[in-house]
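Below is one structure; the comments refer to it alone.
The values are calculated or read from the model by the stated rules, or taken from the named source; none is laboratory data. Since we're looking at a predicted model, the values are computed, not measured. With ideal geometry, Cβ positions are generated from the backbone for all residues, glycine too; neighbour counts draw on all protein chains shown.
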Amino acid sequence: MDQINYAKPPIIEAIVEFRYAEPMTAKRLLRLSEKIGKTYDATTAEEEVKFQLNLGSGSADVIERMPVAKHTSRDQTELFIAKPCTLTWSRLAPYEGWDSFIARIAREYKIAATLGANRPLERIGLRFINRIDVPLDPDSGVFRYEDFIAVTVGLPDLFDPVASYQWRIDKVFSESKLMAVIQSATLMSEVPGTMGFLIDIDVGANEGLPSKHDDIFNRLSDMRALKNELFEVMITEHARESFR
């Protein structure tokens, strides 16, 4: 499928995550965070705590504490989050395109690799969350989602029209060794006379993962191509007209 570029893509968040089989030490995580954090405007040091419920005493016992470093740009649209087992990059709306997003990731991953992040990967994740707002029917005041989403659920006439919907599809692409989780649902209206709906596409690679920098980013490029293809086959021309 040919690449389609939109002037105003409906992407509200783009995410890339590298997950490792073994955690990074707190010392290396701190060094990595300090080095990459210089390119961001704000840094927040947090901690994730895992609890285990003790059924005998009814208390919750702390079993693990993990440092978390969160870096953000001044306008909060660019994020980098470092945890012992994951490195995550995010871009919030307005999405400025794949080239600038992946260039930031590649640049910072090179720094991270010199500081201990060049370890075996357990998963590469690419997730794009889209919000599409469309007008309600002026006569009925309802939103017919099947006019905008090509993936529909067959329902008896008694349910027509539906007030809202939510579904999830898990699909394995064995040839490319990729897994996709696609979710869609109606969203609360932000503008009177409209209805919003979500298209959330999460593409993951869990096997045959590369270790070299260029190979990792070639893999991400393949994952993005699949993400784009999934998005295009899921929406109708009516949906495209709302953000073209």
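Looking only at residues in the range 161-194 that are outside any strand (DSSP E or B) and under 15 Å from GLY141 (Cβ atoms), which one is farthest from the chain's Cα centre (by Cα)? Full working, then the answer.
Pass one, the range 161-194, residues outside any strand (DSSP E or B): 161-165, 174-177, 188-193.
If we keep only those that are under 15 Å from GLY141 (Cβ atoms) as well, we get 161-164, 189, 191-193.
Values: PRO161: 30, VAL162: 28, ALA163: 27, SER164: 23, SER189: 22, VAL191: 25, PRO192: 28, GLY193: 28 Å.
Looking at the filtered set, the residue picked out is PRO161.
Looking at (1) under 23 Å from GLU22 (Cβ atoms); (2) surrounded by 15 or more Cβ atoms within 10 Å (Cβ to Cβ); (3) in contact with a strand residue (DSSP E or B) (Cβ under 9 Å, 6 or more places away or on another chain), find the lone condition where GLU78 falls short.
(1)
Can you give me the number of residues within the range 1-48 that are assigned by TED's automatic domain parsing to the domain that holds PHE217, free of Cβ contacts under 8 Å to residues at least 40 places away in the same chain and charged (D, E, K, R)?
1
Here are the criteria: (1) more than 23 Å from PHE197 (Cβ to Cβ); (2) at pLDDT 85 or above; (3) surrounded by fewer than 13 Cβ atoms within 10 Å (Cβ to Cβ). Tell me which single one ASP170 does not satisfy.
Every listed condition holds for ASP170 apart from (1).
Every residue, every condition in (1) hydroxyl-bearing (Ser, Thr, Tyr); (2) touching a residue at least 12 places away in the same chain (Cβ under 8 Å); (3) within 26 Å of PHE243 (Cβ to Cβ), yes or no:
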{"position": "GLY154", "(1), (2), (3)": "no, no, no"}
{"position": "VAL172", "(1), (2), (3)": "no, no, no"}
{"position": "ALA180", "(1), (2), (3)": "no, yes, yes"}
{"position": "GLU207", "(1), (2), (3)": "no, yes, no"}
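Which members of the range 81-101 meet the condition of being outside any strand (DSSP E or B) and touching a helix residue (DSSP H, G or I) at 6+ places or on another chain (Cβ under 7 Å)? Can you show your working first?
Pass one, the range 81-101, residues outside any strand (DSSP E or B): 83-85, 93-101.
The answer is PRO84, TRP98.
How many residues are modelled with pLDDT of 95 or more and of a type in the set (Gly, Ala, Ser) if we restrict to the range 185-234?
So the count comes out to 4.
Among the residues of the range 106-129, is any free of Cβ contacts under 8 Å to residues at least 40 places away in the same chain, in the same structural domain as GLY193 (by TED's automatic domain parsing), surrounded by 14 or more Cβ atoms within 10 Å (Cβ to Cβ) and in contact with a Phe, Trp or Tyr (Cβ under 9 Å, 6 or more places away or on another chain)?
No: zero hits.
Here is a list: ASP133, ASP147, ASP137. Which entry is in the same structural domain as GLY204 (by TED's automatic domain parsing) and either under 30 Å from CYS85 (Cβ atoms) or under 21 Å from the mean Cα position of the chain (by Cα) (or both)?
None of the other options fit; the residue is ASP133.
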